[in-house]
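The values are calculated or read from the model by the stated rules, or taken from the named source; none is laboratory data. If you're wondering where the values come from, they're calculated on a predicted model, not measured in any experiment. Ideal geometry is used to build each Cβ from the backbone, glycine not excepted, and the neighbour counts take in all protein chains shown. The area values use the complete protein model at the heavy-atom level, side chains included, leaving out ligands, DNA and RNA. Shrake-Rupley method; radii C 1.70, N 1.55, O 1.52, S 1.80 Å.
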Amino acid sequence: MLKQLLAVQLQEKDLSLVRKVVGRIRVLAAGNSDEALHLMEQHASIDMVLIDIEHSYLQSFQLLHTLVYRFQQEPLRIFVLGEQQLLQQKKKVFDLDIVTILNKPLQETQLREVLERVNVKQDSDLEQQNLEEQAHLFNSIFYQAPIGISISHRVDLGVEPGKERFYVNPMYEKITGRSMEEVLRIGWTAITHPDDLPGELEYFKRLKRGELEHYSLEKRFIRPDGSLVWVEMTVAPLQSRDSRLFAHICLIKDISKRKEAESMLAESERSKSALLSHLPGMAYRCRFDAHWSMLYVSAGCEALTGYSPDQLINNRDISYNDIIVISYRQKIINECKWAIHENKPFVLEYEILTAQGKRKWVWEMGQAAFTDDSNIEALEGIILDITDRKQMEQNLAYRDAHDLWTGLYNRRYLEQLLRQDIKARKHAKRALISINLGTLNAKSIAYGYQYSQDIMKKVAEGLSILCNDLAVLSITHEYRFVFYLRSYNEKQNLLMLCKKIESILEYIISLERIPYGLGVLEINDSIQENIDQLLRNILVASQRSIVLYDGEAEICLFDESMETEIQREANLTAILSRIVSGKNHDCLFLQYQPIIDMQTGRICGFEALARVKCKNMQVIPPLQFIPIAEKTKLIIPLGDIIIRQAFQFLKQLEEHHVMDCTVSINISAIQLIKEGFAEHLIRLMHSMDVNPSCVCLELTESIFASNFQEINKVLKTLRAKGVKISVDDFGTGFSSLSRERELYVDELKIDKSFIDKLLFLSDDQAITGDIISMAHKLGHSVVTEGIEYQRQLDYLKRNNCDRAQGFLFSKPLDASDALALVARKDILHLFENLVK
């Protein structure tokens, strides 16, 4: 409908007619073009202009042109009132759609018809505009919607489902992965998952029959690559003018991610359900109150506590707090409160009492669940049975601190106890008493391992009666017990305890005739921090008791002299270690003592004697450092160094044209029985170009007491290569003369103790001559050592001794002096005169 009409330059009678015809339409009047334009600017709602062009011809046409070109985008209708002839001249302008021509004189009927046509045309234009806007809005929704849309129309009700004609939007194509043309060609039933199709077809048929207003379901589409996409689909009918036709709209939304999340959640729930059903304990939700009132417990509750879930929930028969062993209740409350205050999970271990009266260890982990206003809503967690683990821990703890055979504490526990008392800084007197049954080792070789173990168990049971909180008995080493006195008053208390120990031991092992030693160590502030040193010192004291008193059970108190001996041994070990490592190789050197042929008086060999020189230039003899080297197994690398130096001396003798002289090298049993010793020595002689016949190995007689077969086999290998073998210190150790002939040896070296006795024994009393005679009968030559006096030498000559050495001829010499000696004619003549 027209809203406002502008009358320009109309005569009064025409203006009155216009107002009469238009009725309620507002009419504005302008006397000229300027006023008309001014009103047009002021009143935007003017949608019709009536111009009388005859009043002012030129101005009217200018106004008309202005209105046409300025307001052509506006919904404006222009009426031109004038004579027919004049209007025909300007037809070109008036042919515009927005211009309507009215002939003068203005008639009411004509005006009404024109206005009616204008209103009809305006309504038609408005309707068209609305349709266009609706079409634009529909297209925007259809093509830009974030969901898939398909619309079918004009479909015969008899058409098979899936063969309908329809349109789909881009999102539908994106979700299904197929173009509209492809969907139209194969039909929507072909891209629906076979498992989902029967149900959807049933829904669709019912929808077509009018049984359903709409339906919604979740289904799967099959994409071209074979993958599946889950969609949430809603289908509704569309009204059609023709009842024989069916139209519908289908909306789909991709819910694949939601389905995946649901699947994962379902799997999670399934796993949780399976976990809870197989949990060796129970999951719970309870109130944070004094009773731990249960709101939920899993099925494992009954196996754990002996009570069913119903009995515990809301404390129907018993509260969970009543199940907890009383001694743990307050501790649990305190730890839970602390964890909740710190906003942390709580982890607890405690004991419960089951319905059957059995105590069980449980492990609990839980945390508080809070409401939106930060109040505690409940506690949630799990409780597991850890009884087996606790028993295992206790068993391991027992094994860690005890000797399994005797049940006594072990060294580890004793060390922990000593550290504990040191840390406590107790001022009480403390002491260690060691019972050394090391001699049992030899008995176990003779009677078997079980024999010694049974003795140890009997001793442990006997000594255990002396144990209390202040007297702790432990096994610290094999065949060694230690009493730790954590407090005593006087030294007399120590001695009284030692007497009780002696009494028990005498009763248990007197018939077995097992020697033992008792060592006592009073712990003082100067050494208490070094626990390893404490245990070493008490071991030394007990060992010294056996050595000093020959196993007669005399008490040996550890004192400064023993400590000095231990320190000396440690220093020697350090020196030997540096020599072996090559740092102080010059500290080890050899001296050579000549061996004289008793028939000719000539030097026929040298004995290589090892010496160690300290930083203070003090020379340490072999009797001091060799036992330590053997004890620490350093004798093997040290022995290798000694052999190489002796071979170098042999080469120097050759350079001085001394070709028939031997060098005797002392060899330890540890070296000899080391695997590959013989082969190594042979390779070394070959690499240094040493004549094996000039090498003599000296072995102490005692090493044949054990490993006889093994050692003799090595000697056989070496003798086959030409190496000479000598038995040193003969007559003091191995005394089985019946096996002497079996030894692969060349000579016997009579011990110095026999030679010393020749100074005060007559020929009839001395047995040295008998030893020489026996050795000759066994096929061995004889060497004597330690000859210092002519009387000793004369006796040996009378009894046909083969070779001799001693200070009477020469003390041990450095290599340079020994080489000089063999070159001196006067000395050689002196030796010849001595043996004549």
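At-a-glance table
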| quantity | calculated |
| --- | --- |
| Of all accessible heavy-atom area on the chain, the percent that carbon and sulfur account for (1.4 Å) | 51 percent |
| By average C-beta atoms within 10 angstrom, highest first, the peptides 356-364, 292-300 | 292-300, 356-364 |
| Segment 294-339 - convex hull of alpha carbons, volume per residue in Å³ | 86 Å³ |
| In sequence order, calculated HN-Hα J values of segment 3-10 (Karplus, 6.51, -1.76, 1.60; Hz; x Gly/Pro) | 9, 9, 10, 9, 9, 10, 6, 7 |
| Alpha-carbon Debye profile of segment 560-690, log10 I(q)/I(0) at 0.10, 0.18, 0.21, 0.22 Å⁻¹ | -0.38, -1.06, -1.29, -1.36 |
| Principal semi-axes in Å for the chain [√(5λ), Cα gyration tensor, largest first] | 126, 43, 30 |
| Bins of 5 Å, starting at 0 and running to the largest distance - Cα pair percent for segment 636-730 | 3, 13, 26, 27, 19, 9, 4, 1, 0 |
| Compactness of segment 492-628 as Cα Rg over 2.2 N^0.38 Å, two decimals | 1.53 |
| 5 angstrom amide H check on D802, placed H, neighbours 5+ away | V782 |
| Virtual spin-label span in nm between R223 and I682, 7 Å along Cα→Cβ | 8.0 nm |
| Centroid-to-centroid separation of segment 378-400 and segment 783-819 [C-alpha atoms, Å] | 77 Å |
| Alpha carbon convex hull of segment 183-224, projected area averaged over orientations, nm² | 3.3 nm² |
| Extension reserve of the L126-E349 stretch, reckoned as 0.36 nm per residue once the Cα distance is removed | 71.9 nm |
| Between helix 449-463 and the chain: long-axis angle, C-alpha atoms, 0 to 90°, nearest 10 | 80 degrees |
| Degrees separating the helix 12-22 axis from the principal Cα axis of the chain, which is the longest one | 60 degrees |
| For R26, distant residues with modelled amide H under 5 Å away | L5 |
| Under Karplus coefficients 6.51, -1.76 and 1.60, residue-wise ³J(HN,Hα) of segment 667-682 in Hz, glycine/proline x | 10, 7, 4, 4, 5, 5, 8, 5, 4, x, 4, 4, 4, 5, 5, 5 |
| 18 Å Cα-Cα threshold exceeded, pairs from K674/K713; K174/K219; K613/K633; K443/K499 | K613/K633; K443/K499 |
| Kirkwood hydrodynamic radius over Cα pairs of segment 279-357, then Stokes diffusion coefficient at 20 °C and 1.002 mPa s, in µm²/s | 165 µm²/s |
| Spherically averaged projected area in nm², based on the convex hull that wraps the Cα atoms of segment 421-561 | 8.5 nm² |
| Geometric extent, Cα atoms of segment 315-455 - Rg, Dmax (angstrom) | 24.6, 82 |
| Degrees between helix 560-581 axis and first principal axis of the chain (Cα, 0 to 90, nearest 10) | 70 degrees |
| The chain, relative contact order [Cα under 8 Å, separation at least 6], % | 5 percent |
| Residues whose placed amide H lies under 5 Å from that of D814, excluding near-sequence neighbours | Y592 |
| Geometric extent, Cα atoms of segment 732-836 - Rg, Dmax (angstrom) | 15.2, 45 |
| Rotationally averaged projected area of segment 370-434 (alpha carbon convex hull; nm²) | 9.5 nm² |
| Per-residue ³J(HN,Hα) for segment 23-28, Karplus 6.51 cos²θ - 1.76 cosθ + 1.60, θ = phi - 60°, Hz, x for Gly and Pro | x, 7, 5, 6, 10, 10 |
